1. Listed residues Ser231, Ser223; which is of a type in the set (Ser, Thr, Tyr), over 30 Å from Ala25 (Cβ atoms), in the same structural domain as Gly198 (by TED's automatic domain parsing) and free of Cβ contacts under 8 Å to residues at least 40 places away in the same chain?
2. Which of the following residues is outside the structural domain of Ile123 (by TED's automatic domain parsing), surrounded by 21 or more Cβ atoms within 10 Å (Cβ to Cβ) and farther than 29 Å from Gln382 by Cα: Gly253, Gly216, Gly263, Gly183?
3. Of everything in segment 281-319, what is surrounded by 21 or more Cβ atoms within 10 Å (Cβ to Cβ), of a type in the set (A, V, I, L, M) and in contact with a Pro (Cβ under 6 Å, 6 or more places away or on another chain)? Give them in sequence order.
4. Residues in segment 177-215 that are part of a loop (DSSP other than H, G, I, E, B), within 30 Å of Ala132 (Cα to Cα) and at pLDDT 95 or above: how many?
5. Can you tell me which residue among Leu109, Leu101 is of a type in the set (A, V, I, L, M, F, W, C), assigned by TED's automatic domain parsing to the domain that holds Leu21 and more than 20 Å from Val343 (Cα to Cα)?
6. Please find, among Val344, Val305, the residue that is farther than 18 Å from Trp245 by Cα and at pLDDT 95 or above.
7. Surrounded by fewer than 24 Cβ atoms within 10 Å (Cβ to Cβ) and without any contact (Cβ under 8 Å) to a residue 12 or more places away in the chain: does that describe Glu113?
8. Do we find that Val120 is farther than 23 Å from Lys387 by Cα, among the β-branched types (Val, Ile, Thr) and not in a strand (DSSP E or B) in this structure?
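The values are calculated or read from the model by the stated rules, or taken from the named source; none is laboratory data. Fair warning: this is a prediction, and the values are worked out from it, not measured in the lab. Cβ placement follows ideal geometry from the backbone for every residue including glycine, while neighbour counts extend to all protein chains displayed.
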Amino acid sequence: MTSESGPVRVGVIGLGRGFVLMLPAFRNDDRVRLVAACAPREDSRQAFVDEFGGKAYPDIEAFCADPDIEVVYVATPHQLHCEHVIAAARAGKHVLVDKPLTIAFEDGLRMVEACDAAGVHLIVGPSHSFDAPVATARRLIDSGDFGNVRMIHAFNYTDFLYRPRRPEELRTDLGGGVIFSQGVHQIDIVRLLAGGRGDAVFAMTGKWDPERPTEGAYSALMSFKNGPFASLTYSGFAHFDSDEWMGWTGELGNRKDPDAYGGARRALADVASPEEEAKLKSARTYGSGDMPKPASSYEHFGPIVVSCDRADLRLTPDGVQVYGDTQKQFVPAPAFRHPRLEVVDAIVSTVRENLPPVQNGAWGLASLEVCLAILEAAETGQPVRLKYQMGLEEGVRR
């Protein structure tokens, strides 16, 4: 496809919570311009046109045929990703698809193949592997100053399971639970820091609330072909909040109020039906009133420590704390400008310069394989060997 100049013209499928979390980047970065949207709710479509202009479609085919769109951002529920990515690819559009790539491995293969056949790029994100402190840690590792990566510990406790959910978000077979929505963040980060090519996974999961019958927690041990191993632990049961260990900076880079403890569970206490809960979920979508607080720091995904031969690297919302053999130092990330700047960097370099990030379709497929391996290992009680992994250098070449 021929590169053009000027802002990259973006069309969005889905105006729900995923799109809301990307809004600060779209609103604050003049390298991209929203030109079209596709969504089932008329009020969301009208809100899009009122703010951004362009066109809004209820129909996927008409949307994908819009000649003004250069790249499609697929921000629909997980189970719809395959259909929407393939439709965009067949229309000749580059694609940014929300994590996870999809929920069935065979569908992921179809998506990657469709984009390859159409000659378009597929970016999988925005996962927290795009965050600037993660990139800063990766640069420190690449410098060779601290030796090889040996062990990674990733740890996150949130209220995820008790935020308002649609019924399918509480069904694992439809992509619900913490593995697909949250685990993929940790997996992406750990794979990026360890070098990408996983070897095996052993894991256990927790389904401890019969009212919300999907995985709310997991703990996994993952080995890598180049030697490191990693532990990945997540709980979304709304008790301990590990942002306490991140200086009360929330996942989205905004300041959190420690006194707001228990708010997620309290908000659900008076919900009488799945329909009422779905309405609460709708209040968090574009055009509604429940918007995230402004960010003052980079996004993060909980405490992460990378152990190398000659130092431990601890990621923070502002950079990386390095604990060396005899000295420690803080290495700041670049000055914060706006949330998800790094995702816009990826869009622009991919569409304008034909230089996609490591988080391409094959990378997303490898992270999906780890998600599925966690579920399989928890069910069987046995380690699961990984077959479709890729290293960092492969992602850069593709």
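1. On the way: Ser231 fails: free of Cβ contacts under 8 Å to residues at least 40 places away in the same chain.
Just a single option satisfies the conditions, and that option is Ser223.
2. Details: Gly216 fails: farther than 29 Å from Gln382 by Cα; Gly263 fails: surrounded by 21 or more Cβ atoms within 10 Å (Cβ to Cβ); Gly183 fails: farther than 29 Å from Gln382 by Cα.
Result: Gly253 is the single residue among Gly253, Gly216, Gly263, Gly183 that is outside the structural domain of Ile123 (by TED's automatic domain parsing), surrounded by 21 or more Cβ atoms within 10 Å (Cβ to Cβ) and farther than 29 Å from Gln382 by Cα.
3. Leu315
4. Looking only at segment 177-215, we keep the residues that are part of a loop (DSSP other than H, G, I, E, B), and these are 177, 195-197, 207-215.
Now restrict to residues that are within 30 Å of Ala132 (Cα to Cα): 177, 195-197, 215.
Retained after the next criterion (residues that are at pLDDT 95 or above): 177, 215.
Count: 2.
5. Details: Leu101 fails: more than 20 Å from Val343 (Cα to Cα).
On inspection, the qualifying residue turns out to be Leu109.
6. Numbers: Val305 fails: farther than 18 Å from Trp245 by Cα.
Going through Val344, Val305 in turn, the sole match is Val344.
7. On the way: surrounded by fewer than 24 Cβ atoms within 10 Å (Cβ to Cβ): yes; without any contact (Cβ under 8 Å) to a residue 12 or more places away in the chain: yes.
In short, yes.
8. Details: farther than 23 Å from Lys387 by Cα: yes; among the β-branched types (Val, Ile, Thr): yes; not in a strand (DSSP E or B): yes.
Yes.
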